[in-house]
Each structure stands twice: as C-alpha cells, then as structure tokens.
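**Q** Sharing a structure here in structure tokens format.
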Amino acid sequence: FVKTSKTGGSTVGALLYRYGIKHNLTAALPDPLTSMMLHITQQLESRFYFEHFDKKFALQPTNPLETFLTNSAYHQFLDSVVYSGVQRWFSMTSDHGLKELDNEFDLVMITEYMDESLVLLKKMMCWTFDDVIYHSNKVSTRERQPMTRPMERVLSEILVEDVTVYKHFNMTLWRKIDNYDGDFDNDLRLLRARRAEINGMCERENNAQEHVCKFLSYDVYHYKK
C-alpha cells in the first residue's frame, strides 16, 4: 500500500494495520499493491487548510483559497503550495508511465468513492466486510468553500499530469466495478449497512475502551507505536 498525502491514506492505512493486528501478521510490502488518489481540487483544498496556508498568507476568510489561486499578488508563491503529487509519488510523466503504474498497482482507490474502492479491496484480498470497516481519520471540520471555475482552471494548467493520472485511474476503478465478480451493488449496500451498524454501536456505548470502537478510532500512527 502506497500512502499518499491528503487522500485518505491514513484511513486505509489504519484499516490495514487493524487487519494485521487481528491476524497477528508482520507488516511488509504487500502483493498485490494498492494506492489512493483524490481529485486534485479536493486534495489541494484539504492540504491548503491542513497546513494553514490561509493564515500564513493572512488571507481574508471569505474564500482564501480562491484569493490565493486567482489573485496575481500571490502567484509568486504558487510553486511552494501547488505542486504535483504524481511527480512526488510515482515519478511518471507519460503514457508509458501510466502503463507501468497499471502493471505495478492491482488497485488504485479513489477517495471520493471510498466505499466502492473498499468493496473491490475486500474482493481482491478475500476479506470479510468487518475487515474493511473504517473510521475517517484527520477529517477537517471546516466548512468547504465552493471551487470556482477560475480556481479549477488554474489548477488544471499547473497540475496537468495529476489530472491525467486521476482521470485514468478513476476510469480504471469504474471498469473494475463493471467487471466485478458478483453483485457489486448488493455488496456495497452490505458494507455500508455493516459500517452504520458498528459506528452506531460505538456511538451508543460511548466507551473508548471497547475493543472494536477503540481500534476504529485509532489513526495509523497509533499502530506504529
């Protein structure tokens, strides 16, 4: 599993650690390999506020990310904030690189379709629904501001490779869903029902020491200790 920044990697990483602890496994590079991707606009928005760039640049609270991307006064700082995750994570720049990634990764999960991705992971790994129940980690409580057309245009011009790779693996995900061995819609319903059941149980009991609830609340870094 390749943990990528601000794409839900902590959530899935914690899920994998829980499976390893449950089955007394030793962590190693897995085969098959999986990775995570998030749409570039959502990924940048998440990282922008997580790293407090709005405060560092003393931006007005209305829509600070829009001001940063579209106001020429801040363009000299764009390179330090807006950079390619694809180049940092995968070092690919061409269609040939995309084919290499296709060969290397058996599954690239899309954060916006977390549940759908986990149904595919469950099938691929021959796991149970309980093995892919998750708790969303590091979720910001900040109200999302709208991503305007000018903002998207700036990002698309800077992050050409990221857009290309995201579109490729988004299509790949849905192709895997179309070719799913079984009743995908039913498995998706079962996963969501089981997750709602477990999360509801944890909320009702409100007991941080309860085994399942405690493990669900852990971030990936808890398991590394």
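**Q** So residue 173 clears everything in (1) in contact with a strand residue (DSSP E or B) (Cβ under 7 Å, 6 or more places away or on another chain); (2) modelled with pLDDT under 85; (3) among the hydrophobic types (A, V, I, L, M, F, W, C) except one condition, right? Which one?
**A** (2)
Every residue, every condition in (1) more than 29 Å from residue 49 (Cα to Cα); (2) of a type in the set (D, E, K, R); (3) part of a helix (DSSP H, G or I), yes or no:
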position: 154; (1), (2), (3): no, no, yes
position: 162; (1), (2), (3): no, yes, yes
position: 170; (1), (2), (3): no, no, yes
position: 180; (1), (2), (3): yes, no, no
position: 195; (1), (2), (3): no, yes, yes
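**Q** Within the range 197-220, is even one residue modelled with pLDDT of 70 or more, among the basic types (Lys, Arg), assigned to a helix (DSSP H, G or I) and closer than 13 Å to residue 130 by Cα?
**A** No.
**Q** If you go through the range 23-55 one residue at a time, how many are modelled with pLDDT of 75 or more and in contact with a helix residue (DSSP H, G or I) (Cβ under 9 Å, 6 or more places away or on another chain)?
**A** Residues that pass the stated criteria total 12.
**Q** What single numbered condition from (1) of a type in the set (D, E, K, R); (2) within 27 Å of residue 214 (Cα to Cα); (3) modelled with pLDDT under 90 fails to hold for residue 116?
**A** With (1) of a type in the set (D, E, K, R); (2) within 27 Å of residue 214 (Cα to Cα); (3) modelled with pLDDT under 90 applied to residue 116, the lone miss is (3).
The values are calculated or read from the model by the stated rules, or taken from the named source; none is laboratory data. Since we're looking at a predicted model, the values are computed, not measured. Cβ coordinates were reconstructed from backbone atoms using ideal geometry, including for glycine residues, and neighbour counts include every protein chain displayed.
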